[in-house]
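The block underneath contains the structure these notes are about, expressed in structure tokens.
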Amino acid sequence: MGLGIAIVLPFGLVFFASGLLINAVQLVTLLLIWPCSRRLYRHVNYYLSLLLWAQVVFIADWWGGMKPKLFVEPETLDKMGKEAAIVVCNHRSDVDWLVGWGMANRVGCLAGAKAVMKKSSRLLPVFGWSMWFQEYIFLARNWAVDQAILEKGFSQLASYPRPSWLCLFVEGTRFTQAKLRAAQEFAASKGLPVPQHTLVPKTKGFVTAVHHMRHEVKAVYDITFAPVGFPMSMAGLFQGRGGEIHVRLQRYDIGALPEDDEGVAEWCRDVFIAKDKMLAEHERVGTFPEELYKPQPRPRNSLLITCAWSLLVWGLALRALVLAVASGHVTALSVGVTCGGLALLAAIMVFFLRYSQAEPTAVLPRRHQD
């Protein structure tokens, strides 16, 4: 992978040490607070998750050099972070979710961001466990099983006490050339417009979300990700090789959506047809409409939280090392255990990075300068 171990290990140690502590506190809140007050449980876990997710956003915003450019109407920007919304996105790169987290953090909604994940994700140490405590929805990718899970999950999230974003990657998978060809064949066989830059959306989850959350959320946010140059990866961000990504966000009042399920499904398909045309135009000119560009400065919370955790974890680790050396308790066994622990941590981090990877997508060129 070519990823320097000296880059991965320091972050991994801080993230997993702090994450295990946060997971332990989350478990206590689940056992003691959840049975008495779900509302209080969610408030407490809102801040606990912020202490964890901010470290991941730090990698993108402060270390990796990710440069998201948001294109949005002013009246929509004023409402972001102040209302509950269902978010539908295309899925172009390995880090679309992280771009979304960065956008949510810029409007004060990072800890309120939720998503629908595959079932295996909840087993990921720290990362998946915290998502489970945060009431993310985990699917088996079998509609006979998933329908009941979605209905229960959406009903629970509808009563969430803070403004939240429920993110749905309705294409069902990340964009690759092989999946695009399959989507084009499917669209042609069904008499649908043949996509060039998106996949055909799977509408069942979106329809279920709208059905169960229509009266609690205010809007649907349609987000279009358009990487400039080669799409980014988590490994690249750790190496400081972030890039520019354009984000077009459009808001639709949920009351304007059709009332019937088939109408909602058709609405979702129409959104992706328009999204495909928008991406074609973006590829041609290299940008979304410039008059909609709204610069969003990086919030300092992710930097401050990561620095605080780093000082605490590394301070305790160095203190333990100094005390061990001073007392003469450094033995071959303790050295072996320490090296084994670091090797295990490195293996876990490499697994995380590979877990986030997909088949490379096509390069989206920059606009040629005249």
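Bear in mind that the values in this text are calculations on the coordinates, not laboratory data. None of these values were measured; they are calculated from a predicted model. Note that we place each Cβ from the backbone using ideal geometry, even for glycine, and neighbour counts take in every protein chain shown.
Here are the numbers:
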item	result
Dipole of region 64-299 [Lys/Arg +1, Asp/Glu -1 at C-beta], most positive-end residue of MET278, HIS211, PRO297	PRO297
Cα-based helix-to-principal-axis angle, 38-58 vs the chain, degrees rounded to 10	80 degrees
Whether region 304-343 is rounded, prolate or oblate, judged on the alpha carbon gyration tensor where a/c under 1.5 counts as rounded	oblate
Shape category assigned to region 64-299 from the gyration tensor of Cα positions, a/c cut at 1.5	rounded
Set of lysines with alpha-carbon distance to LYS114 below 23 Å, sequence-local pairs under 8 removed	LYS67, LYS69, LYS79, LYS82, LYS152, LYS202, LYS204, LYS218, LYS275
Helix 96-106 axis, angle to the chain major axis (alpha carbon atoms, nearest 10°)	80 degrees
DSSP bridge orientation in the chain - percent antiparallel, rounded to nearest 5	35 percent
Per-residue HN-Hα couplings for region 69-81 [Karplus 6.51, -1.76, 1.60; θ = phi - 60°; Hz; x = Gly/Pro]	10, 9, 10, 7, 5, x, 5, 6, 4, 5, 8, 5, x
Label point 7 Å beyond Cα of VAL350 along Cβ direction - residues of region 213-240 with amide nitrogen under 20 Å	233-240
Highest-fluctuation residue, SER93, SER327, SER130 considered, GNM on the chain with Cα pairs under 10 Å	SER327
Order by protection proxy (mean Cβ within 10 Å, highest first), peptides 313-321, 161-169	161-169, 313-321
Among 80-90, 44-54, 339-349, the order from most to least packed when residues are scored by Cβ within 10 Å on average	80-90, 44-54, 339-349
Extreme residue, positive dipole direction of the chain, given options TRP34, GLY236, GLY336 (C-beta unit charges)	GLY336
Total charge dipole magnitude, the chain, about the Cα centre, Cβ charges on Lys, Arg, Asp, Glu only, Debye to nearest 20	860 debye
Acute angle (nearest 10 degrees) that the helix 332-355 long axis makes with the longest principal axis of the chain, alpha-carbon atoms	0 degrees
Tensor-based shape of region 1-152 (alpha-carbon gyration tensor, a/c under 1.5 rounded, otherwise prolate or oblate)	rounded
Pair GLN196, LEU30: separation of 7 Å Cα→Cβ label points (nm)	4.8 nm
Farthest positive-ward along the chain dipole, Cα basis, beta-carbon charges - from ALA346, ALA144, VAL88	ALA346
